[in-house]
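Okay, so here's the structure we're looking at.
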Amino acid sequence: MREKSSSCSSASSKPSHPIEDENEDERIHLQNPGYLLAASMKRRPTDKRPIRHPLSSAPRRSIEVAAGLVFRDGRLLITQRRGDDHLGGLWEFPGGKRERKETWDGCLRRELKEELGIEVEVCELFGSITYAYPEKTVHLKFYRCLWRKHEPRALGCHAFAWVTVCRLAEYAFPPADEQLLQKLVASPELWK
């Protein structure tokens with residue numbers, strides 16, 4: 001068990017909804033998860049009205065996510081989402097959904113312990129992004145964190161990696177992280 005001694009005080013794509021041509025079934029099935037439900041409904045063969053995704057008129061779900069920017073020895077800790085998760089296989093910054101009445105830093109400490117088994121000190125807010133996916137809107141807050149205890153283990157993720165700024169572009173991230181990635185690359189002081 002190793003501890004760090006420095007302190008924080010120092011530093012869209014849209015789904016395809018209408019089904020107009022039976023030859024497009026395979027393409028529409030891949031782009032529209034509601035297709036199986038809609039296709040199973042009884043319709044007359046002459047009915048050419050569009051079938052709408054069941055959630056297309058419903059209000060979009062909104063979630064809040066806290067993510068940690070954990071640096072150590074010039075490297076940033078990133079995690080890979082499990083294959084069966086939303087955006088499975090992509091890389092991200094460790095963290096997760098904030099529970100009701102939970103503070104942002106409390107959420108981040110809990111998520112990093114559950115996901116990687118590490119303890120961190122949550123420092124300043126580095127960036128905040130709101131991104132609308134077709135099925136939900138995500139409000140992300142990214143905090144710089146100091147690693148305090150325990151070596152990371154892939155407990156709630158598929159894998160993890162410590163990456164340098166030069167290697168960051170080699171990993172595929174969700175579209176919501178694009179602005180943050182640009183800001184990280186443009187902030188050499190973080191990577192020291």
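The values are calculated or read from the model by the stated rules, or taken from the named source; none is laboratory data. Note that the structure is predicted; figures quoted are calculated from it, not measured. Cβ placement follows ideal geometry from the backbone for every residue including glycine, while neighbour counts extend to all protein chains displayed.
Could you check how many residues of the stretch 140-155 are aliphatic (A, V, I, L, M) and either in contact with a Pro (Cβ under 8 Å, 6 or more places away or on another chain) or buried (at least 20 other Cβ atoms within 10 Å of the Cβ) (or both)? Outline the logic, then answer.
Of all residues in the stretch 140-155, those aliphatic (A, V, I, L, M) come to 140, 146, 154-155.
Remaining after also requiring either in contact with a Pro (Cβ under 8 Å, 6 or more places away or on another chain) or buried (at least 20 other Cβ atoms within 10 Å of the Cβ) (or both): 140, 146.
Residues meeting the conditions: 2.
Considering the stretch 100-116 alone, what residues qualify as being in a loop (DSSP other than H, G, I, E, B) and modelled with pLDDT of 95 or more? Reasoning before the result, please.
Pass one, the stretch 100-116, residues in a loop (DSSP other than H, G, I, E, B): 100-103.
Those that are in a loop (DSSP other than H, G, I, E, B) and modelled with pLDDT of 95 or more: GLU102, THR103.
Against the conditions (1) at pLDDT below 95; (2) within 19 Å of VAL65 (Cβ to Cβ); (3) surrounded by fewer than 16 Cβ atoms within 10 Å (Cβ to Cβ), ALA176 satisfies every one except (3).
Output the residues belonging to the stretch 140-160 that are part of a strand (DSSP E or B) and more than 17 Å from the chain's Cα centre (by Cα). Don't jump to the end; show me each part of the working.
So the first thing to find is which residues in the stretch 140-160 are part of a strand (DSSP E or B), and the list is 140-149, 159-160.
Listed by number, the residues that qualify are CYS145, LEU146, TRP147, ARG148, LYS149.
Among the conditions (1) at pLDDT below 95; (2) assigned to a helix (DSSP H, G or I), the only one that SER57 does not satisfy is (2).
Summed over the stretch 130-145, residues that are over 19 Å from THR79 (Cα atoms) and touching a helix residue (DSSP H, G or I) at 6+ places or on another chain (Cβ under 8 Å) total 2.
From the set of residues in the stretch 85-126 that are among the aromatic types (Phe, Trp, Tyr) and under 20 Å from LEU155 (Cα atoms), which is surrounded by the fewest Cβ atoms within 10 Å (Cβ to Cβ)?
In this case the residue turns out to be TRP91.
Residue-wise test of (1) touching a Phe, Trp or Tyr at 6+ places or on another chain (Cβ under 8 Å); (2) within 12 Å of LEU69 (Cα to Cα).
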position	(1), (2)
ARG100	no, no
LYS113	no, no
LEU125	yes, yes
ALA132	no, no
LEU140	yes, no
TRP191	yes, yes
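Applying the set (1) in a strand (DSSP E or B); (2) more than 18 Å from GLN179 (Cα to Cα) to THR137 leaves exactly one unmet item: (2).
Would you check if ARG110 is among the charged types (D, E, K, R) and either in contact with a Cys (Cβ under 9 Å, 6 or more places away or on another chain) or closer than 26 Å to CYS166 by Cβ (or both)? So that I can check it myself, show each step before the final result.
Working: among the charged types (D, E, K, R): yes; either in contact with a Cys (Cβ under 9 Å, 6 or more places away or on another chain) or closer than 26 Å to CYS166 by Cβ (or both): no.
No, not satisfied.
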